[in-house]
Protein chains: 2
Amino acid sequence: MILKHLTKFKKISATKEGVTRLGHSEWEEKAHAAAAAAFSRSRRVRTVKDQAGNTFLVNGTGPGPYVVMGSHLDTVPNGGWLDGALGVAGALVAMQRVLSKRRNAPLAVAIWADEEGYRFGNGLWGSRAFAGKVSDEELLLLDGDGVMLAELLAERGLQKKPRRSRETGELQAKLVYKPPIEIAAYCEAHIEQGGQLIAADKRIGIVTRVSGIRRWRLQSSGETNHAGTTPMRERRDALVPIAGMVGRLPQLVRGISDGVITCGAMGIEPGVANVIPSRAWAIVEHRAPTDRDQEEIARRLKELVATTGPRAPGVGLDMAQISAVRPTAMSGEVTDLLESVCRKAGVETMRMGSMAAHDAMSIAQVAAAGLFFIPSLRGVSHRPDEDSRREDIKLAGEILYDWALAELERVS
Amino acid sequence: MILKHLTKFKKISATKEGVTRLGHSEWEEKAHAAAAAAFSRSRRVRTVKDQAGNTFLVNGTGPGPYVVMGSHLDTVPNGGWLDGALGVAGALVAMQRVLSKRRNAPLAVAIWADEEGYRFGNGLWGSRAFAGKVSDEELLLLDGDGVMLAELLAERGLQKKPRRSRETGELQAKLVYKPPIEIAAYCEAHIEQGGQLIAADKRIGIVTRVSGIRRWRLQSSGETNHAGTTPMRERRDALVPIAGMVGRLPQLVRGISDGVITCGAMGIEPGVANVIPSRAWAIVEHRAPTDRDQEEIARRLKELVATTGPRAPGVGLDMAQISAVRPTAMSGEVTDLLESVCRKAGVETMRMGSMAAHDAMSIAQVAAAGLFFIPSLRGVSHRPDEDSRREDIKLAGEILYDWALAELERVS
């Protein structure tokens, strides 16, 4: 059953180059609708869409609180078929099985919108909106084509259009959001996206904490000029200092346990072989399991910018924070319950941290939230060859079912 | 008169952001036609277009040899109004003045196509074709949109379409080119694109040699993966080694007199903030006045690639030459003659090298060629604010006139 759902989601937008189902796209909407179709014959389960683009499949008419399972259905470009989709497919089969036994159970599936944040560079969009963690400024973000998030949400009929302030002339937007249900406890299944479970020969990883992510924009402004006639000492080359810093990034996480740092996107202007670059920018993100380590990496990055500046006279260098998500602990109660249902099922588990962000991080701000992983083959993710063993995929749905039954027991 | 021609060229494709008249574009063609219009009332001067897109305005019916002046009318994106255009406008007014005195003089203006090489990353296209310095492989170059140079030339009706080899299936192209005229002596006026003349308070710089240019593509291939879940030691990040090398480029020309090195274009795939880059590339070019210095810089660059490789395990690093133009000496006879006409006109000159490439480099391969500069204000070029003093612009046309008269005297 879980494989049937996953195949259905994959077929919506898969090509040879992988699955491309960006957040806020019609493909994401189609996938939400396909998930809702799993309960199209149910007279009790209603489909609730909220003001952020999230979809809830709710067994009951009231506001809750509900026991909730879920994840997301958007992907990065040319991504895999399991990232996000596994947690939704698992939630669907688990809810169907629970309801066949306990038709009045206060149970819901949550499908969070735009978890990847590919288009606007944010992320965990829908779950953060639910948890009240979206700022009004975030609505003013622009995508690569200059389209504003607030405009897009207005076009989709989710939010009002941004308005221009009469006094300052600046565009202003305000998120209007009311959570359609209350969550008593939340659980999310996901692929590991790393290689620890395979290495330790465990089938389930129970996540105790999720690393924080801070994202920065390093940028420089110099002066464009002819690459032949401008002597080295007279140049104000904007690229050299940015490139030099990107080349040194790995040094900044030395000695920091589970610290990672990445530059995945970079740009130059004007970008012509025989013209000295006048502008350059690099997006840098770093992750670590503790606030203290995140602070230390940020301090080292600032120091790198400060020491690079004087070596590039005439070039303006600065660094601006794009986003920050603090390290988050999962609920001890949900974690313990997950461990207990796995033990009863005879499945070997290990406790672990997650270096990837997940919607469960947002929900942990407003409810008891848990997260568990199944092994990723070769540890790869965000790639067309992302995969897991079929028996592990099925196990994800079974553990969600066991957890939901146990959690309903506990909260009722 | 020279200002009238320059204003006419500028108006063809200028905006607030500068002049954009790329090689092989309809704007370049329009500019060639506008130049030819200067002799539209002449019964003797014929317009000759060749198989590379060059335009010649020839006073006479035979193959020559001719005394020739010229330059180019293409620009970089958002370039200036004088680069190239000055030499053409100066040649037009000088030829008009000479012909009013000596209507049978064997004189011609050459307008070389695509000097900047912006679209295909090559350069001196038309003048190299004239000098027999274009290889058949060069015709297979692709622009940023994947359009092949050979296809474009076929579309413009200049060359035959490339053909697929029956044996290997590979595309093959062959440049068919016959120079429409023979050149006895060539002279080009250009803006300096640097600050030496202003600093030395001289009005004319007589170029004795032009630096060589070698252009390379540094590239790397690693493995894309999740920026959160892939530990630093397991990464095959393609960007870090390329960025590190670009950051160190200035070190490679230390101690090399008049040596310059530049990375003006760089790219990353997939270019997503939370995905480790699987590919990266950088275009690097270096220039120096002597073969020996060019060899030394190339050696240092190769050494940098060789020492960077082992620091990036699992990443494939390589470096491929895109183009190489050797340092070129200008004709001693033309240079001496230029100096002599300037002395007679009471204009202070200095001999100098050119770090920028010019069409005169190509013509020096097949004829006696000379090149002189007028001062550039603030030393800037390839920018909208590129400019020269009005009296120096007029002087360029006068020196070309004096040179042409003296050269006709000498060759006849």
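Residues in the stretch B:363-372: is at least one more than 24 Å from residue B:411 (Cα to Cα), buried (at least 17 other Cβ atoms within 10 Å of the Cβ) and within 14 Å of chain A (Cβ to nearest Cβ)?
Scanning the stretch B:363-372 turns up no residue that is more than 24 Å from residue B:411 (Cα to Cα), buried (at least 17 other Cβ atoms within 10 Å of the Cβ) and within 14 Å of chain A (Cβ to nearest Cβ).
Given the criteria under 10 Å from residue A:206 (Cα atoms), more than 14 Å from chain B (Cβ to nearest Cβ) and crowded, with 17+ Cβ neighbours inside 10 Å, does residue A:353 qualify?
In short, no.
Looking at B:228, B:271, which one is free of Cβ contacts under 8 Å to residues at least 60 places away in the same chain, facing another protein chain (nearest Cβ under 7 Å), part of a loop (DSSP other than H, G, I, E, B) and touching a Lys or Arg at 6+ places or on another chain (Cβ under 7 Å)?
B:228
Taking the stated definitions as given, is residue B:71 modelled with pLDDT of 95 or more and of a type in the set (Ser, Thr, Tyr)?
In short, yes.
Please verify whether the stretch A:90-109 includes one or more residues that are out of contact with any Phe, Trp or Tyr (no Cβ under 7 Å at 6 or more places or on another chain), among the small types (Gly, Ala, Ser) and buried (at least 24 other Cβ atoms within 10 Å of the Cβ).
Yes, the conditions are met somewhere in the stretch A:90-109.
Look through A:169, A:123 and report the one residue that is in the same structural domain as residue A:205 (by TED's automatic domain parsing) and modelled with pLDDT under 95.
After ruling out the rest, the residue left standing is A:123.
Residue by residue through the stretch B:279-304, note down the ones that are without any contact (Cβ under 8 Å) to a residue 12 or more places away in the chain and more than 30 Å from residue B:223 (Cα to Cα).
Correct list: B:292, B:295.
Quick check on residue B:209: is it in a loop (DSSP other than H, G, I, E, B), among the charged types (D, E, K, R) and either more than 30 Å from residue A:233 (Cα to Cα) or touching a residue at least 60 places away in the same chain (Cβ under 8 Å) (or both)?
no
Checking residue A:15 against (1) surrounded by fewer than 24 Cβ atoms within 10 Å (Cβ to Cβ); (2) closer than 21 Å to residue A:383 by Cβ; (3) among the β-branched types (Val, Ile, Thr); (4) touching a strand residue (DSSP E or B) at 6+ places or on another chain (Cβ under 9 Å), only one condition comes out false. Which one?
Among (1) surrounded by fewer than 24 Cβ atoms within 10 Å (Cβ to Cβ); (2) closer than 21 Å to residue A:383 by Cβ; (3) among the β-branched types (Val, Ile, Thr); (4) touching a strand residue (DSSP E or B) at 6+ places or on another chain (Cβ under 9 Å), residue A:15 violates only (4).
What number goes with the only condition from (1) within 14 Å of chain A (Cβ to nearest Cβ); (2) aliphatic (A, V, I, L, M); (3) surrounded by 22 or more Cβ atoms within 10 Å (Cβ to Cβ) that residue B:334 does not pass?
It fails just one condition, (1).
Quick one: how many residues across the stretch B:274-290 are within 19 Å of the chain's Cα centre (by Cα) and either aliphatic (A, V, I, L, M) or more than 8 Å from every other protein chain (Cβ to nearest Cβ) (or both)?
Residues in the stretch B:274-290 being within 19 Å of the chain's Cα centre (by Cα) and either aliphatic (A, V, I, L, M) or more than 8 Å from every other protein chain (Cβ to nearest Cβ) (or both): 6 in total.
Results for (1) over 22 Å from the mean Cα position of the chain (by Cα); (2) closer than 24 Å to residue B:192 by Cβ; (3) not hydrophobic (A, V, I, L, M, F, W, C), shown as yes or no for each residue.
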residue	(1), (2), (3)
B:61	yes, no, yes
B:65	yes, no, yes
B:72	no, yes, yes
B:90	no, yes, yes
B:104	yes, no, yes
B:108	no, no, no
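Here is a list of conditions, (1) surrounded by fewer than 18 Cβ atoms within 10 Å (Cβ to Cβ); (2) within 12 Å of chain B (Cβ to nearest Cβ), and residue A:308 meets all of them except one; can you say which number that is?
Only one criterion in (1) surrounded by fewer than 18 Cβ atoms within 10 Å (Cβ to Cβ); (2) within 12 Å of chain B (Cβ to nearest Cβ) is unmet by residue A:308, namely (1).
Can residue A:126 be described as small (Gly, Ala, Ser), under 23 Å from the mean Cα position of the chain (by Cα) and at negative phi?
Taking the combined requirement at face value, the residue satisfies it.
Might you let me know whether the stretch A:332-341 holds any residue that is within 23 Å of the chain's Cα centre (by Cα) and farther than 30 Å from residue A:64 by Cα?
no
Any residue in the stretch A:65-81 that is within 14 Å of another protein chain (Cβ to nearest Cβ) sitting within a Cβ distance under 6 Å of a residue that is not in a loop (DSSP other than H, G, I, E, B)? List the pairs, counting only those 6 or more apart or interchain.
A:74/A:28; A:75/A:19; A:78/A:18; A:79/A:18; A:79/A:19
Hey, among the residues in the stretch B:231-258 that are among the small types (Gly, Ala, Ser) and more than 8 Å from every other protein chain (Cβ to nearest Cβ), which one's surrounded by the fewest Cβ atoms within 10 Å (Cβ to Cβ)?
Looking at residues that are among the small types (Gly, Ala, Ser) and more than 8 Å from every other protein chain (Cβ to nearest Cβ), I get B:255.
Say whether the condition of being surrounded by 17 or more Cβ atoms within 10 Å (Cβ to Cβ), charged (D, E, K, R) and within 24 Å of residue A:186 (Cβ to Cβ) is met by at least one residue in the stretch A:26-36.
yes
Going by the structure shown, is residue A:55 more than 21 Å from residue A:185 (Cα to Cα), crowded, with 17+ Cβ neighbours inside 10 Å, under 19 Å from the mean Cα position of the chain (by Cα) and in contact (Cβ under 8 Å) with a residue 40 or more places away in the chain?
no
Among the residues of the stretch B:212-225, write down those that are assigned to a strand (DSSP E or B) and within 22 Å of residue B:249 (Cβ to Cβ).
Hits for the stretch B:212-225 are B:212, B:213, B:214, B:215, B:216, B:217, B:218, B:219, B:220, B:221.
I need every pair where a residue in the stretch A:169-187 that is closer than 27 Å to residue A:106 by Cβ has its Cβ under 6 Å from the Cβ of a residue that is aromatic (Phe, Trp, Tyr) and outside any strand (DSSP E or B), sequence separation at least 6 or different chains.
A:179/A:130; A:187/A:403
For the stretch A:156-172, name all the residues that are surrounded by 12 or more Cβ atoms within 10 Å (Cβ to Cβ) and over 23 Å from the mean Cα position of the chain (by Cα).
A:160, A:161, A:162, A:163, A:171, A:172
Here's a check for you: in the stretch A:276-287, which residue that is touching a Lys or Arg at 6+ places or on another chain (Cβ under 9 Å) and not in a loop (DSSP other than H, G, I, E, B) is surrounded by the most Cβ atoms within 10 Å (Cβ to Cβ)?
My answer is A:287.
Among (1) out of contact with any helix residue (DSSP H, G or I) (no Cβ under 8 Å at 6 or more places or on another chain); (2) more than 7 Å from chain B (Cβ to nearest Cβ); (3) over 30 Å from residue A:387 (Cβ atoms), which single condition is residue A:202 missing?
Only one criterion is unmet by residue A:202, namely (3).
Between a residue in the stretch A:389-407 that is surrounded by fewer than 19 Cβ atoms within 10 Å (Cβ to Cβ) and any residue that is among the polar types (S, T, N, Q), which pairs come within a Cβ distance under 9 Å, given they are 6 or more apart or on different chains?
A:406/A:340
The values are calculated or read from the model by the stated rules, or taken from the named source; none is laboratory data. It should be emphasised that the depicted structure is a prediction, and the values quoted were computed from it without experimental measurement. Methodologically, a virtual Cβ is constructed for each residue, glycine included, from the backbone with ideal geometry; neighbour enumeration extends over all protein chains shown.
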